[in-house]
Amino acid sequence: MVNINEKILQRYMGFHNQRDEYQKNEMYHVLANGTIYMFGLVTLSLITSLCWDVYFQQFSAATPILLVIQLFIYLYNTLNGRKVRQEGEKELIESYNQKHYLHQLSILKGQMIYASILLFTANLTATSYMMAIIDNHSPQLDLFDILGTLVETGILTTAIYYLRKSMMEKKF
């Protein structure tokens, strides 16, 4: 039975016959980069849509839909990435050393950047829309909302980073 990743490879990468591991890895690399670019474009579109809504003081369906799409992309990538890393660690890592720890730390830093972008856009969108709905007025956004969201996101992702890093240190 062919899984969804194989179907995507067959459809968009021209993968119809059996390929060796190098070719599969290259195809997965191209798809992973495409997904990262898609996340960036959806994030940019979400912020543009939110600014549009605030500027014209209206509600649009695009902003919540883009937020849901962004959340789906984030969850899909996070869950599949975790699964791939766990399979790779079981097969390749026999003993944990400093090099492996530094590699895991660099992966964690990338994840925290990715999570902070998601948290910032989701928090900003949700607070501007929820406060507008609760207070029964059009969406508004000012510099203090943006700075407050940046601070909240920074504190949360920093706390998560150091918590995860301390959990990693106990492994080694």
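The values are calculated or read from the model by the stated rules, or taken from the named source; none is laboratory data. Keep in mind the model is a prediction, meaning the values are calculated, not measured. Because the Cβ atoms are built from the backbone with ideal geometry, glycine has one as well, and the counts that use them run over all protein chains shown.
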Is it fair to say Ser166 is at pLDDT 85 or above and out of contact with any Asp or Glu (no Cβ under 6 Å at 6 or more places or on another chain)? yes
Among the residues in region 149-168, are any without any contact (Cβ under 8 Å) to a residue 24 or more places away in the chain, of a type in the set (S, T, N, Q), loosely packed, with under 11 Cβ neighbours inside 10 Å and not in a helix (DSSP H, G or I)? no
Answer yes or no as to whether Val30 is among the hydrophobic types (A, V, I, L, M, F, W, C), modelled with pLDDT under 90 and in a helix (DSSP H, G or I). yes
Taking the condition of being among the polar types (S, T, N, Q) and surrounded by 11 or more Cβ atoms within 10 Å (Cβ to Cβ), how many residues in region 135-148 meet it? 2
Could you identify the single residue in Ala132, Ala115 that is surrounded by 12 or more Cβ atoms within 10 Å (Cβ to Cβ) and touching a residue at least 60 places away in the same chain (Cβ under 8 Å)? Ala132
Considering region 136-167 alone, what residues qualify as being polar (S, T, N, Q) and closer than 22 Å to Ala61 by Cβ? Asn136, Ser138, Gln140
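Yes/no per residue for (1) under 29 Å from Leu124 (Cα atoms); (2) in contact with a Gly (Cβ under 6 Å, 6 or more places away or on another chain); (3) part of a helix (DSSP H, G or I); (4) at pLDDT below 90:
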| residue | (1), (2), (3), (4) |
| --- | --- |
| Val2 | no, no, no, yes |
| Glu6 | no, no, yes, yes |
| Leu9 | no, no, yes, yes |
| Gln18 | no, no, no, yes |
| Tyr22 | no, no, yes, yes |
| Thr35 | yes, no, yes, yes |
| Met38 | yes, no, yes, no |
Out of Leu67, Leu105, which single residue is part of a helix (DSSP H, G or I), at pLDDT 90 or above and surrounded by 10 or more Cβ atoms within 10 Å (Cβ to Cβ)? Leu67
Number of the exception - Ile133 against (1) among the β-branched types (Val, Ile, Thr); (2) modelled with pLDDT of 90 or more; (3) under 19 Å from Gln58 (Cβ atoms): (2)
Only unsatisfied item for Gln57, checking (1) under 15 Å from the mean Cα position of the chain (by Cα); (2) on the phi > 0 side of the Ramachandran plot, is (1)
